[in-house]
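Asker: Got a structure for you, questions after.
Values in this text are rule-based calculations from the coordinates and carry no lab data. All of these numbers come straight from a predicted model, not from anything done at the bench. Here the Cβ is made from the backbone with ideal geometry for all residues, glycine too, and neighbour counts use every protein chain on show.
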Protein chains: 4
Amino acid sequence: MTLEELAERQREFIAARDWEPFHTPKNLVMALTGEVGELTELFQWLTPEQAARAGADPDLRPKVSDELADVLLYLVRLADTLDIDLIEAANAKIDRNEHRFPAAAGRAALRRVPKD
Amino acid sequence: MTLEELAERQREFIAARDWEPFHTPKNLVMALTGEVGELTELFQWLTPEQAARAGADPDLRPKVSDELADVLLYLVRLADTLDIDLIEAANAKIDRNEHRFPAAAGRAALRRVPKD
Amino acid sequence: MTLEELAERQREFIAARDWEPFHTPKNLVMALTGEVGELTELFQWLTPEQAARAGADPDLRPKVSDELADVLLYLVRLADTLDIDLIEAANAKIDRNEHRFPAAAGRAALRRVPKD
Amino acid sequence: MTLEELAERQREFIAARDWEPFHTPKNLVMALTGEVGELTELFQWLTPEQAARAGADPDLRPKVSDELADVLLYLVRLADTLDIDLIEAANAKIDRNEHRFPAAAGRAALRRVPKD
């Protein structure tokens with residue numbers, strides 16, 4: 001399934017429940033924050049070693065999977081309401097990053113440039 | 001392009017720069033927070049009406065597109081390091097939501113249930 | 001009670017439970033994100049009018065108060081572990097903002113400068 | 001200076017610039033998210049050891065101090081617009097936590113209870 005098909009499934013789900021009025025850009029950005037907060041809570045007290053094994057932990061894996069899903073769903077919904085193609089935007093960003101961070105520069109570049 | 005192909009493109013980009021040591025689950029969750037923060041800053045002072053038109057605003061649209069891309073890229077990367085299939089997780093979540101929020105109940109259900 | 005006294009009360013609470021090892025800067029920054037996420041969830045689906053009345057709503061007020069408290073507690077704890085005086089830092093920031101945003105310029109300045 | 005006095009200083013700063021219309025609860029919650037995002041970006045790629053020394057790092061300390069100030073300022077402003085006393089709320093929360101997490105139980109309690 002593509003992201004476009006996922007967005008279409010969401011559109012039908014939301015229309016069937018009459019939820020469009022709630023899905024304004026500001027509300028969806030806030031919902032995204034809420035879900036990233038829930039995802040963060042799963043990792044905050046873990047040691048780096050425990051966090052590295054989270055995908056293989058039978059208790060944590062379904063919880064993490066569920067929160068990742070929530071983040072994706074609000075992200076896809078927000079992009080859909082703004083008529084922005086996420087895959088196209090992500091590829092354009094990697095294209096730019098390939099110029100900003102030439103491969104040879106390696107880790108040093110990451111240290112110099114504090115954010116994407 | 002599918003999310004799996006996007007994840008593969010990222011893997012190559014990161015390997016070429018020797019950035020894997022930075023991409024621990026805790027660091028990536030934090031990077032996701034940073035990008036959602038940048039996305040939020042684009043919307044925080046807009047009126048609901050201005051926010052609703054953000055996708056059509058020639059100044060805002062590329063900025064929003066860029067931040068949405070960053071959120072997607074860290075989300076895909078995080079899921080990839082945890083070996084979790086985002087599309088499968090998202091569909092499983094909608095499946096569950098179809099039971100939690102029957103279509104007939106409409107908006108009332110949203111009000112009763114505080115979070116997804 | 002001052003923030004310094006609140007930080008001291010927290011220090012005793014945490015020491016009595018042997019929680020210091022968990023309170024690393026990265027973990028506390030993540031905990032702050034989690035709490036801001038919970039606070040955001042209380043407001044995300046409210047209309048601007050409902051949100052404006054949240055402090056007077058008998059159901060919402062204690063929930064909002066509780067989440068604001070959690071954000072403050074992790075913020076104070078994080079500053080304490082880094083030996084940074086929050087009140088001093090906040091006043092220094094307002095001092096700088098008084099120069100960045102001269103009072104006469106009014107709202108126009110907010111529009112030009114996208115973030116604090 | 002107390003938090004109440006800081007809130008009063010902010011009130012005057014904001015009134016002098018005619019910014020009250022922007023400071024709705026939803027906008028301030030979003031601004032808080034933006035600032036926590038900026039704070040997180042300072043820590044996201046640091047090792048736990050680097051993060052533990054952030055308060056003593058001559059380059060990082062002023063940046064961290066500045067972002068902590070921004071988080072406090074929006075938190076105090078949000079509480080002020082909702083007429084909630086942050087210090088009282090924080091003490092009420094610690095009172096409850098003293099019952100939820102008896103001191104003798106120690107770290108085990110933290111592991112069992114996923115969030116504050």
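Asker: Distances from A:Asp83 to the same position in the other copies: list them in nm, one decimal, shortest first, using label points 7 Å from Cα along Cα→Cβ.
Answerer: Shortest to longest, the spacings are 4.3, 4.4, 5.6 nm.
Asker: While we're looking at this one, here's another question. Just counting partner chain Cβ atoms within 10 Å, what average do the residues of peptide A:85-98 show around their Cβ?
Answerer: 6
Asker: A further question follows. Order of B:Asp57, C:Asp83, B:Asp70 from fewest to most other C-beta atoms within 10 Å?
Answerer: Details: B:Asp57 15, C:Asp83 9, B:Asp70 23.
Lowest to highest Cβ neighbour count: C:Asp83, B:Asp57, B:Asp70.
Asker: Between A:Glu20 and D:Asp18, with labels modelled 7 Å along Cα→Cβ, what's the label distance in nm to one decimal, could you check?
Answerer: 3.7
Asker: Among the helices of chain C (complete DSSP H runs), which have Cα atoms covering no less than 18 Å along the helix axis and a Kyte-Doolittle mean of at least 0.0?
Answerer: C:25-43, C:60-81
Asker: In nm to one decimal, list the spacings between the D:Pro21 label point and its equivalents in the other copies, with label points set 7 Å along Cα to Cβ, shortest first.
Answerer: Spacings between copies for this position, smallest first, are 2.5, 5.3, 5.5 nm.
Asker: May I pose another question? Mean residue ellipticity at 222 nm from the helices of the protein assembly as shown, using -39,500 (n - 2.57) per DSSP H segment of n ≥ 4 over the full residue count, to the nearest 500 deg cm²/dmol?
Answerer: Numbers: 24 runs with 328 residues, N = 464.
Calculated from helices alone, the mean residue ellipticity at 222 nm is -22500 deg cm²/dmol.
Asker: Find, among the residues of chain C, the one whose Cβ sits nearest the axis of the rotation taking C to B; state the distance in whole Å.
Answerer: Its Cβ sits closest to the axis: C:Thr33, 2.
Asker: I would also like to ask the following. Quick one: with label points 7 Å out along Cα→Cβ, list the inter-copy distances for C:Pro102 in nm, shortest first?
Answerer: Reported distances to equivalent positions: 4.4, 6.4, 6.5 nm.
Asker: Report the label-to-label distance for A:Ala92 and D:Asp83 in nanometres (one decimal), using points 7 Å from each Cα along the Cα→Cβ vector.
Answerer: A separation of 4.7 nm, rounded to one decimal place.
Asker: Shape verdict for the protein assembly as shown, please, from the Cα gyration tensor: rounded (a/c under 1.5), prolate (a/b greater than b/c) or oblate.
Answerer: Numbers: a/c = 1.26, a/b = 1.18, b/c = 1.07.
Rounded, because the longest to shortest axis ratio a/c is under 1.5.
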